[in-house]
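The values are calculated or read from the model by the stated rules, or taken from the named source; none is laboratory data. Since we're looking at a predicted model, the values are computed, not measured. Cβ placement follows ideal geometry from the backbone for every residue including glycine, while neighbour counts extend to all protein chains displayed. With ligands, DNA and RNA removed, areas are computed over all heavy atoms of the protein, side chains included. Shrake-Rupley method; radii C 1.70, N 1.55, O 1.52, S 1.80 Å.
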Amino acid sequence: MTKRTRYDEVCEQLVNSPRRWLVTGVAGFIGSALLERLLDLGQSVVGVDNFLTGHRRNLEDVLAINPDERLQFRFIEGDLRDPAVAREAVKDVDIVLHQAALGSVPRSIKDPLASHAHNVDAFLNVLWAAKEAGVGRIVYASSSSVYGDHPGLPKHEDRIGKPLSPYAATKRADEIYAQVFHDVYGQQSIGLRYFNVFGRRQDPNGPYAAVIPRWIAALLDGRPCVVFGDGSASRDFCYVDNIVQANVLAATAPDPAVTGTVYNCGCNGRTDLKQLFAMIRDNLARELPALAHAEPVFEGPRAGDVAHSQAAIDKITAALGYSPSHLVEDGMAETVAWFAARLRKA
C-alpha cells in the first residue's frame with residue numbers, strides 16, 4: 001500500500017474546502033499545469049496572461065480535459081506591467097501563484113530592459129496589489145539561476161553567488177522585494193527556486209525554446225539537436241508535476257513561519273546534456289526505431305550558462321513536506337509520449 005504523502009492530504013483538504021486562486025502566466029506551460037491541477041481539485045481559478053510567451057492552445061487543452069470545470073475559471077487577458085491589471089487580477093482571491101515572467105538567459109542578455117520590466121516591475125505590481133487587497137499568501141517562481149557563479153553542489157538556499165545574466169538578476173530582485181514585503185507589510189510569501197522544469201505543453205518553438213521540447217521536435221522532424229558546449233554541463237531536470245506539488249504545498253502550509261523565505265524546487269539529481277539527449281532519443285526510438293542511432297551536434301557554450309546545477313531539497317522537504325513524485329526518467333517518458341502524440345499529428 002502506497003504511503004499517503006503531505007501532498008495527498010492537502011489535495012483532499014482542498015477538495016473539501018475550496019479556495020480562490022490567481023495564477024499569473026496561466027497560459028504558459030507551468031501556469032497551465034497549475035490550472036489543470038487546481039480545476040481537477042474543484043478550485044476556483046482566476047488566470048491572467050498577455051500571451052507574450054504563453055499560448056491560447058494551452059488553456060484550450062486544459063479546459064478540454066473536463067469541460068464542466070470551465071465554470072470555475074475566469075481569464076483576464078492583460079499585462080501585469082500595468083498596475084490596473086494587477087489590481088483587477090487579485091480581487092477576492094485567497095492565494096496568488098505568480099508564474100508570469102519573461103524567461104531565458106540568452107533573451108535577457110539580448111534585451112535586459114524587457115526582462116526587468118516583465119520580471120521585476122510586473123512582480124512589484126502584483127506584490128503591491130495583493131498587499132492592498134489583503135491576499136493571504138503569494139507563492140512566486142524564482143530560479144536556480146540566482147546561484148550564479150557559486151561553485152557548490154548541491155545548491156543550498158543560503159549560499160548564492162554572483163548573477164551571471166540579467167535574467168538571474170531579475171529573479172534575485174524578486175526575492176529581495178518579496179522579503180521586504182514580508183518584513184515591512186507582513187505579506188506572506190514563498191519563493192520557489194525552480195531548477196530545469198520540463199513537461200507537457202512546454203513550447204518547442206522559437207529561438208528561446210527550452211532544450212527538452214526543442215530536441216524532441218528536432219528528432220521527430222529529422223533536424224539536428226544542438227548541444228552548446230561539450231555535453232558535460234549538467235542540470236537538475238524537474239518534471240512539471242513536481243513543480244505543481246511544490247506550489248500547492250507552499251500555498252497551503254498552515255504555519256506562517258515557513259513563509260518569508262525561498263525554497264529549492266528540484267529533484268536533487270544531475271543529468272548531463274549527453275545523458276539527456278540519449279534519454280530523449282531512446283524514449284522516441286521505442287516508437288520510431290529509425291531514431292535509435294541519432295547523435296547530437298556540438299557548438300560553443302552560451303554566455304551566461306552555468307556549468308552544473310543540482311538542488312538540495314532538504315529545506316523544502318522539512319518545511320513543506322515536498323517529495324518529488326517523478327524523477328527525471330519518469331517525467332521524460334511521460335513528456336516524450338505527450339509530445340510525440342501531438343507533434344506527429346501536426
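To the nearest Å, what is the center-to-center distance of the range 213-267 and the range 172-206, using C-alpha atoms only? Centre-to-centre (Cα) distance: 13 Å.
Lys274 contributes about 110 Å² of solvent-accessible surface, heavy atoms of the protein only, 1.4 Å probe. Distance between the pseudo-spin-label points of Arg20 and Leu113 (7 Å out from Cα toward the beta carbon): 3.8 nm. Heavy-atom accessible area, probed at 1.4 angstrom with all protein chains present, ranks Arg19, Arg4, Arg281 as Arg4, Arg19, Arg281, highest first. Of Pro324, His293, Val336, whose Cα points farthest to the positive end of the dipole of the range 293-337 (charges on the beta-carbon: +1 Lys, Arg; -1 Asp, Glu; origin at the Cα centre)? Looking along the dipole axis, the top candidate is Pro324.
Converting phi to 3J(HN,Hα) with the Karplus coefficients 6.51, -1.76 and 1.60 and the offset θ = phi - 60°, the range 102-116 yields 9, x, 5, 4, x, 4, 5, 5, 6, 9, x, 5, 5, 4, 5 Hz in sequence order, with x at every glycine or proline.
With only Cα atoms counted, the range 87-194 has Rg and Dmax values of 14.1, 44 Å.
State, as an integer percentage, the relative contact order of the chain based on alpha-carbon contacts under 8 Å between residues 6 or more apart. Contact order relative to length: 17 percent. Close amide H partners of Ser143, meaning residues 5 or more places away or on another chain with modelled amide H under 5 Å apart, are Tyr194.
Placing +1 on the Cβ of every Lys and Arg and -1 on the Cβ of every Asp and Glu, with nothing else charged, gives the chain a dipole about its Cα centre of roughly 300 debye. If only the Cβ of Lys and Arg carry +1 and only the Cβ of Asp and Glu carry -1, the dipole of the range 73-153 around its Cα centre is close to 100 debye. For the chain, the longest principal axis of the C-alpha atoms and the axis of helix 6-16 are separated by about 50°. Compute the Cα gyration tensor for the range 59-127, then decide on rounded, prolate or oblate, letting a ≥ b ≥ c be the square roots of its eigenvalues: rounded whenever a/c is under 1.5, prolate when a/b is larger than b/c in the other cases, and oblate in all that remain. Oblate, since a/c reaches 1.5 and b/c is not below a/b.
Enter the Cα centre distance for the pair the range 100-158 and the range 1-75, rounded to the nearest angstrom. About 21 Å separates the Cα centre of the range 100-158 from the one of the range 1-75.
Considering only Leu39, Gly25, Ser104, the residue lying farthest towards the positive end of the dipole of the range 24-129 is Ser104, judged by Cα position with unit charges set on Cβ. Across the cross-link table entries Lys110/Lys162; Lys131/Lys155; Lys162/Lys274, which are compared at the Cα atoms, the separations over 22 Å belong to Lys131/Lys155; Lys162/Lys274. Among the protein heavy atoms, those of His326 account for about 30 Å² of accessible surface (1.4 Å probe, every chain in place). For the range 192-346, the pair-distance distribution built from all alpha carbon pairs, in bins 10 Å wide starting at 0, is 10, 38, 32, 15, 4, 0 percent.
Building the convex hull from the alpha-carbon atoms of the chain and averaging its projection over directions returns 17.0 nm². Calculated mean residue ellipticity at 222 nm for the chain: -12500 deg cm²/dmol, from DSSP H runs with n ≥ 4 weighted as -39500 (n - 2.57), summed, divided by the residue count and rounded to 500.
Computed from the Kirkwood radius of its Cα pairs, the Stokes-Einstein diffusion coefficient for the range 15-152 at 25 °C and 0.890 mPa s stands at 159 µm²/s. Gyration tensor analysis over the Cα atoms of the range 1-89 returns equivalent ellipsoid semi-axes of 25, 14, 12 Å (largest first, whole Å). Rounded to two decimals, what is the ratio between the C-alpha radius of gyration of the range 117-258 and 2.2 N^0.38 Å? With N residues counted in the range 117-258, Rg over 2.2 N^0.38 Å equals 1.20.
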